[in-house]
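Asks: Encoded as structure tokens, here's the structure I'll be asking about.
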Amino acid sequence: MRPVSARSSDHSAAELQLDRPWHALSVDAVLRALATTLDGLSAAEARRRLAHFGPNRLAEIPPPNPLRILVHQFASPLIVALGLAAVVAALLGEWIDAGVILAALAINALFGFVQEWRAESAIRSLLRYLSPKARVLRDGVEQIVESEELVPGDIVLLESGMRVPADLRLLTTIALMVDESVLTGESVPVAKRTDPVPVETPLADRTCMAYLGTVVTSGRGRGVVVATGARTEVGRIATVAQRESAPVTPLQQQLARFARTVALFVLTGIVAISAIGLLRGDDLSLLLTFAVGAAVAIVPEDLPVILTIVLAVSVQRMARRNAIVRHLPAVETLGSTTVIGSDKTGTLTENRMTARLVWAAGHEHELPAVSTTADPVDSAVKIPKRASLATLLEQLAPHELVLLGGTLANEAQLASEGTDQPAGIGDPTDVALLVAAQQALADVAALRRRFPILAMLPFEPERRFAAALCASDERPILFVKGAPERVLEMCSHWLSEHGLAPIDRQVIADAAAALAQRGFRVLGVAAGETEQQDESAFANLGGLVFLGLVALWDPPRAGVKEAIARCHAAGIRVLMITGDHAGTAVAIAADLGIASPDSPVLTGRDLARLDDQTLRERVRTVNVYARVEPEQKLRIVRALQSLGETVAVTGDGVNDAPALRAADVGVAMGRSGTDVAREAADIVLADDNFVTIAAAVEEGRAAADNLRKATFFLLSTGAATALILPTALFLGLPLPFYPAQLLWVNLVTNGTQDIALAVEPKERDLMQRRPRPRREGILSTLLWERIALSGIVLAIGTLWIFEHTLAAFGSLDLARTVALTTMVLYQTFQVGNARSSTQSLFRIPPLSNRFLFLATAAALALHIVALHVPFFQFVLRVQPIPWELWPRMILVATTIVLAVELHKAVRRRWPYPSWELSSQAPQTTT
């Protein structure tokens, strides 16, 4: 039946039903359903459909609202508590204290806003995805149109090198091969046909379809557009990824718990102590002043600033190591990661087919690794021009004969000029054979000149082999390469280890099966002589000599195996989740150390049969997942998260986007990755190298470590003040500090050193520690214990020297100045204690963090200057301290070193089972 013409159809665009299993319909049925013909739509109909269906582009997530980012900076309970303190201070007429508090809040908001806005702006500059042009038939005439103008029913022409501009149902194909790795993860191009396939066929096996974003590697074809924009497979996955809300990171959970705990502690403490004070008859203004002072002292107001700085420093460090961070909390989350689920193609491997070895004459011959130059070996001299097959069999080694046959029965072209590695144009497998011959045999161009091609039989999926007829001084030589079993059918002899012999099909079949079992793509190569001089030589191929087998694979990236070993040493489990075939996945996984060769593997079909509970049990032990579809990858991530794992997912394809979005940390490839994947990710690798993951994990752990050090240092002062203020109130002493003085300690003197702790060098055993559990807060039990100890020591010393000075000199302002300065001196020593949870201060070189050394000296110098400058004397209500009091203050302050050193010694002898003290990571079962 003749297809219905779009120009004469009664169908309107609104009546077209696009939700159909196009891969299961015949060509005629597809054309009828879309109301189109092989000549394409008319221009008028295309305009009507464009108006109805909209442009062929993916909907972008709108950029974040700047106001929303700014408001988000004030969402923490800690910030709310400080805001209330500022209001109370203003009501009391303490305008200086109120102004200082508000200034601190403004600085914090500015830091957070700038960093988030810059990250979002940078990543959106990468969004360039759809093919800009497309070749179509309209009104029966070939035209070039913008890809955004494609509509369902358009007839699109495909050729080698083109990116598919929409989802197509193929109508005609001529040796059409499409690289679908961006969508399915399969590294080998897929042969396309026009025959329909069953409805239930997985996306990766729909051979009659070509999907948006995939690339034509060879051949030609025509297809009818069945979906555009958000209705394409890419668009559907992007929509799923956008709907998938990003999980709350461990750091965000810990900060939220920490903020609620501190805010509740401050509120409860203030209310309780104020109630007791009112019952005692204390002055209300004094109690309100105490409330403001307690809020300012206990709330670590510069913790958000320090957090932003710690993460921003780590962002810069990661950027220098080629990891671009989109969302700041992802830095620390990556350091807490317990499982990395990695895509294979383009992430663990190079996404470039390479000839690994040749099996010939019963033996394997390893081929050299692809070098950084295309210089050929000088072997062509021993290959006489137009040599006969007998001469070749006599003069060339068996593996060289295989490479020669793979080079001549080959339509690809090398294009190594100006590139870092040999590359070419054509089918990736053919290019890989040329690269191998170029480096292990002779210059490819020279070989082709020595054996002029008389006729070529291109590879066809139905034929499963390619052949070339080459000129010779004697009879022309036939070279054939293709599927081993197909090539074997044409052979009567083979090149055995003893020379030419009758064919032993079982030996060859066993060798091919063994190579396939190891994950290689295997090709057979044969040669023979003929009397024919043209294409008629291909009519009845037989009586050939089987030369050998070529094993090809997509090789692992350099350094990936070592990076995975580092992850295992750090207690991180690495999984492979790929759309490629199970045999290939297991072979690569075994080579990289992800799993042993006999480890279990779950395929997409297996996953489809498992319920969620069974899947949760299986993901505990399975490290390799193959032929996985996007929704299944998402299920794996969720199953791991339900077990309490902190999951990082890496990937570069559209198929990775939903899992990238749902994971605790999504890591996308920046160079070869798709925009959909980059948009869904938290971190983008600028060099597309899995090796960078291990480096980023290390930086994430360093960020978490430095955040704990800074938080411990901050809370030491807060703990001391939390004891000092109520103790002074109950002892009937004047409050030792004004709120502005407490802010001075927290923001200026402590804050300067806290910032310097953000760049503290990484501790050497960082990548030998276990991942920090989710249930552990920002601070471990060990550090909370040390904060309590530090608070007690600081409170006792500060109260003693305050009361002693007040009694000796009778000046409240001088006593407060001495107490404040003693706190500053305490922190000068305490910052050294904070540099390591376990290591003695005296074992850490003081200049290993020069910034900290200078910041500590600067903070102390700034405080001394403030004691003598009228402006600071007015704002802080301080005065110069008599020199005879300085030795006493310094002596009191050194007690904190003695106390913390004793605590470290005790905990080294009797440690907590905490993250800081875990020097050995568990062995990861592979």
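Asks: Report the gain in length on full extension from A509 to D39: 0.36 nm times residue separation, minus Cα-Cα distance, nm rounded to one decimal.
Replies: The A509-D39 span can extend by a further 164.5 nm.
Asks: Quick one: if the Förster radius is 56 Å, what FRET efficiency do A319 and R464 give, using the C-beta to C-beta distance and rounding to 0.05?
Replies: The pair A319/R464 has a calculated efficiency of 0.70.
Asks: Ok, one more. Can you compute the label reach from V199? Point 7 Å from Cα along the Cβ direction, backbone N cut-off under 20 Å, restricted to region 592-635.
Replies: Residues passing the 20 Å test: 605, 608-609.
Asks: Hey, how many Å between the Cα centroid of region 575-647 and the Cα centroid of region 805-868?
Replies: 54
Asks: Could you check how much of the accessible area of region 176-220 is carbon and sulfur, as a whole percent, using a 1.4 Å probe?
Replies: Here it works out to 54 percent.
Asks: Under a crude label model (7 Å from the Cα following the beta-carbon direction), how far is D687 from E474 in nanometres?
Replies: If labels sit at D687 and E474, their model points lie 5.4 nm apart.
Asks: Please give the length that would be gained between R616 and I425 if that part of the chain were fully extended, namely 0.36 nm times their separation in residues minus their C-alpha to C-alpha distance (nm, one decimal).
Replies: Full-extension gain reported as 64.3 nm.
Asks: Now for a different question. Quick one: which of 203-209, 504-510 comes out on top by average Cβ neighbours within 10 Å, and what's the full order, highest first?
Replies: On the way: 203-209: 20.9, 504-510: 13.6.
Put in order of decreasing packing, that is 203-209, 504-510.
Asks: Let me ask something else. Counting only protein heavy atoms and using a 1.4 Å probe, what share of the accessible area of region 584-682 belongs to carbon plus sulfur, as a whole percent?
Replies: 46
Asks: Please work out how much length the chain gains when fully extended from L862 to S811, using 0.36 nm per residue of separation minus the C-alpha to C-alpha distance, in nm with one decimal.
Replies: Additional length available on full extension: 16.0 nm.
Asks: Can I ask one more? Would you please give the residues with an amide H less than 5 Å from that of A595, counting only those at least 5 places away or on a separate chain, with H modeled from the backbone geometry?
Replies: A590
Asks: Within region 600-662, list the trypsin sites (Lys or Arg not before Pro) lying in a DSSP loop whose Cβ has at most 14 other Cβ atoms in a 10 Å radius.
Replies: Answer by residue number: R620.
Asks: For region 597-683, what is the accessible area per residue in Å² when the probe is 1.4 Å?
Replies: Normalised by residue count, the accessible surface of region 597-683 is 34 Å².
Asks: Taking a probe of 1.4 Å, how large is the accessible area per residue of region 449-554, in Å²?
Replies: On a per-residue basis, region 449-554 sits at 44 Å².
Asks: Okay, moving on. Just to verify a number: FRET efficiency for S596 and H498, C-beta to C-beta distance, R0 = 45 Å, to 0.05?
Replies: Once rounded, the FRET efficiency stands at 0.75.
Asks: Through the Karplus equation 6.51 cos²θ - 1.76 cosθ + 1.60, θ set to phi - 60°, convert the phi angles of region 31-43 into ³J(HN,Hα) values in whole Hz; use x for Gly and Pro.
Replies: 4, 5, 4, 8, 6, 9, 9, 5, 8, x, 7, 7, 4
Asks: How many nm is it between the label spots at Q533 and A230, if each spot is 7 Å from the Cα in line with the beta carbon?
Replies: In this crude label model, Q533 to A230 measures out at 6.5 nm.
Asks: Pop a pseudo-label 7 angstrom from the Cα along the beta-carbon direction at both A103 and S388 and give the gap in nm to one decimal.
Replies: My value for the distance between the label points is 9.8 nm.
Asks: For H804 and L70, what does the FRET efficiency come to when R0 = 51 Å and r is the distance between their Cβ atoms, rounded to the nearest 0.05? Please report the intermediate quantities before stating the final value.
Replies: Numbers: r = 48 Å, r/R0 = 0.93.
That pair, H804 with L70, gives E of 0.60.
Asks: Would you grab the residues whose amide H sits under 5 Å from the one on F465? Only those 5+ places off in sequence or on another chain, please, with H modelled 1.01 Å from N.
Replies: E460
Asks: Then there's this: Past 31 Å, Cα to Cα: identify those pairs from K561/K904; K385/K481; K481/K561, in the order given.
Replies: Correct reply: K561/K904; K481/K561.
The values are calculated or read from the model by the stated rules, or taken from the named source; none is laboratory data. None of these values were measured; they are calculated from a predicted model. Counting neighbours? That spans all protein chains shown, and the Cβs are built from the backbone with ideal geometry, glycine included. Heads up: the accessible areas ignore ligands, DNA and RNA and are worked out on the full protein's heavy atoms, side chains in. Shrake-Rupley method; radii C 1.70, N 1.55, O 1.52, S 1.80 Å.
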